[in-house]
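Asks: Below is a structure I'd like to ask you about.
The values are calculated or read from the model by the stated rules, or taken from the named source; none is laboratory data. Keep in mind that this is a model prediction, so the values were computed, not measured. Neighbour counts are summed over all protein chains in view; Cβ atoms, including those assigned to glycine, are modelled from backbone coordinates with ideal geometry.
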Amino acid sequence: MKEVKKQGGLNAEIQSRIGHQLRAMYDDVVRQGVPDRFAELIRKLDGPEAAAAAAAQIDDKDGRD
Amino acid sequence: MPLTDTLRDDILASVPSLRAFAISLSGNGDRADDLVQETLLRAIANIDSFQPGSNLPAWLFTILRNLFRSDYRKRRREVEDAEGNYAKTLKTQPAQNAHLEFEEFRTALDKLPQDQREALILVGASGFSYEDAAAICGCAVGTIKSRVNRARSKLSALLYVDGAEDFGPDETVRAVIGGNGG
């Protein structure tokens with residue numbers, strides 16, 4: 001356990017930097033908010049059937065590529 | 001449950017974090033937005049199977065994660081320009097030094113095995129509990145904990161330790177666990 005304690009200081013600092021970088025990368029995208037295309041998409045869909053039809057269209061397109 | 005206006009709003013409110021998760025996983029902004037779009041369509045198509053009162057973000061993240069998995073298998077032979085595309089999705093360009101550091105971090109993150117990367121992002125960036133992350137990934141809580149620990153130790157070896165190969169994995173893991181206070 002002594003060995004772990006000795007490394008703890010440096011490691012805690014490294015881990016906190018990694019955590020900070022990870023959140024910075026992630027939050028940068030979160031701060032961009034909701035792009036219009038997604039707001040429109042959700043507004044346009046009447047319900048499950050419309051969504052299923054739109055999803056099926058994407059599958060068809062993927063199948064052809 | 002039916003697609004009420006409240007539920008629409010709640011789904012919409014999850015879009016920013018779904019995009020961040022998709023970009024963190026795929027490293028590719030265009031592909032990430034396609035993933036988010038497909039996630040939203042699948043979610044609404046299957047909205048009847050969503051249990052009212054349960055965790056909506058976790059449900060949406062599960063759909064996105066599974067789509068990414070199947071998409072990844074489909075495309076794994078394609079060559080990708082992950083870094084270039086990711087940088088383009090950033091609205092504010094970081095200052096030069098910070099940008100280099102960011103690129104290094106992104107490159108290191110991409111080197112992690114997929115299991116470890118997704119566990120680290122869910123717990124370390126999305127803020128899910130270990131329990132929610134385990135439910136999203138369909139594995140045990142202990143598995144998520146060990147993936148997160150391995151991801152952290154590998155990142156610290158890649159980014160901050162010279163001669164990472166000389167640094168035994170067991171020693172690294174122990175040190176990381178020590179650093180976290182358990």
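Residues checked against (1) facing another protein chain (nearest Cβ under 7 Å); (2) at pLDDT 85 or above; (3) under 22 Å from B:ALA32 (Cα atoms); (4) not in a helix (DSSP H, G or I):
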{"site": "A:LEU10", "(1), (2), (3), (4)": "no, no, no, no"}
{"site": "A:GLU13", "(1), (2), (3), (4)": "no, yes, no, no"}
{"site": "A:ILE18", "(1), (2), (3), (4)": "yes, yes, no, no"}
{"site": "A:GLY33", "(1), (2), (3), (4)": "yes, yes, yes, yes"}
{"site": "A:ALA51", "(1), (2), (3), (4)": "yes, yes, yes, no"}
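Asks: Now for a different question. Just the residues that are closer than 26 Å to B:SER129 by Cβ and surrounded by fewer than 19 Cβ atoms within 10 Å (Cβ to Cβ), please, taken from the range B:17-46.
Replies: B:ASN46, the sole residue that qualifies.
Asks: A follow-up question, please. Take the conditions within 13 Å of chain A (Cβ to nearest Cβ), in a helix (DSSP H, G or I), free of Cβ contacts under 8 Å to residues at least 12 places away in the same chain and of a type outside the set (Val, Ile, Thr) and apply them to B:ALA98. Does it pass? Steps first, answer last, please.
Replies: Values: within 13 Å of chain A (Cβ to nearest Cβ): yes; in a helix (DSSP H, G or I): yes; free of Cβ contacts under 8 Å to residues at least 12 places away in the same chain: yes; of a type outside the set (Val, Ile, Thr): yes.
Judged against the criteria, B:ALA98 is a match.
Asks: Filter the range B:12-58 down to residues that are within 7 Å of another protein chain (Cβ to nearest Cβ) and of a type in the set (Gly, Ala, Ser) and give me whichever is farthest from the chain's Cα centre (by Cα).
Replies: In this case the residue turns out to be B:ALA45.
Asks: Mind checking which residues of the range B:59-72 are of a type in the set (D, E, K, R) and within 14 Å of chain A (Cβ to nearest Cβ)?
Replies: First pass over the range B:59-72, keeping only residues of a type in the set (D, E, K, R): B:65, B:69, B:71.
If the condition is that a residue be of a type in the set (D, E, K, R) and within 14 Å of chain A (Cβ to nearest Cβ), then B:ASP71 is the only one that fits.
Asks: Does B:SER14 meet the test of being at pLDDT 95 or above and either assigned to a helix (DSSP H, G or I) or surrounded by 22 or more Cβ atoms within 10 Å (Cβ to Cβ) (or both)? Working first, answer last.
Replies: Working: at pLDDT 95 or above: yes; either assigned to a helix (DSSP H, G or I) or surrounded by 22 or more Cβ atoms within 10 Å (Cβ to Cβ) (or both): yes.
Here the answer is yes, as B:SER14 does meet what is asked.
Asks: Are any residues in the range B:111-138 more than 11 Å from the chain's Cα centre (by Cα), over 21 Å from B:SER54 (Cβ atoms) and either of a type in the set (Lys, Arg) or part of a helix (DSSP H, G or I) (or both), and if so, which ones?
Replies: Result: B:LYS111, single match.
Asks: Between a residue in the range A:1-26 that is of a type in the set (Ser, Thr, Tyr) and any residue that is modelled with pLDDT under 65 and in a helix (DSSP H, G or I), which pairs come within a Cβ distance under 9 Å, given they are 6 or more apart or on different chains?
Replies: A:SER16/B:GLY179
Asks: Can you tell me how many residues within the range B:22-56 are part of a helix (DSSP H, G or I) and in contact (Cβ under 8 Å) with a residue 60 or more places away in the chain? Can you show your working first?
Replies: First pass over the range B:22-56, keeping only residues part of a helix (DSSP H, G or I): B:22-26, B:29-45, B:47-49, B:56.
Restricting the remaining residues to those that are in contact (Cβ under 8 Å) with a residue 60 or more places away in the chain gives B:23-25, B:29.
Number satisfying all stated conditions: 4.
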